[in-house]
Amino acid sequence: MEKTYSILIQFGDGKPVASKIRARDGVDAQDKALRLNPGARSIRITGVLEVHLPPLPKLPKPKPRAQVKEHPLFTDVDKETIGNYIRHSPQETKLQICHQLRSEGLTYKAIARQLDVGETTVRTWIKSTLPS
């Protein structure tokens, strides 16, 4: 990392000369200034004007992602088959089935087993909601 320094060079005549020099650090800046100005009596660094960062290395391009392949066990299942499973039905559908099964005379326990819910849930549904 290099920096640009502002410097004052004095030759002994009472008139300092302002200049800029690019170097790695302050010691390197003074050495360069002395080599460039052979008759100088003193060189004073007055500040850092710029900091020059090295260029960033070019990164390799990312590899394209592999496409996701469908799993062979799940590709031939149609939505109709999945929708037929009662345990994956929305609650409204389960409520309707619950009332239908109760009207057919099934017990709370039998309804709970078929809908894959608790017996208390079936009892609550039957008592709190009216069939549509």
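The values are calculated or read from the model by the stated rules, or taken from the named source; none is laboratory data. Keep in mind that this is a model prediction, so the values were computed, not measured. Because the Cβ atoms are built from the backbone with ideal geometry, glycine has one as well, and the counts that use them run over all protein chains shown.
Of all residues in the stretch 40-66, those that are within 22 Å of residue 8 (Cβ to Cβ) have Cβ atoms under 8 Å from Cβ atoms of residues that are among the small types (Gly, Ala, Ser) and part of a loop (DSSP other than H, G, I, E, B), 6 or more apart or on another chain, in 41/12. In the stretch 7-56, the residue that is nearest to the chain's Cα centre (by Cα) out of those that are part of a strand (DSSP E or B) and surrounded by 16 or more Cβ atoms within 10 Å (Cβ to Cβ) is 23.
To keep it simple, each residue is scored yes or no on (1) modelled with pLDDT under 85; (2) among the β-branched types (Val, Ile, Thr); (3) within 30 Å of residue 6 (Cα to Cα).
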site	(1), (2), (3)
61	yes, no, no
93	yes, yes, no
102	no, no, no
108	no, no, no
116	yes, no, no
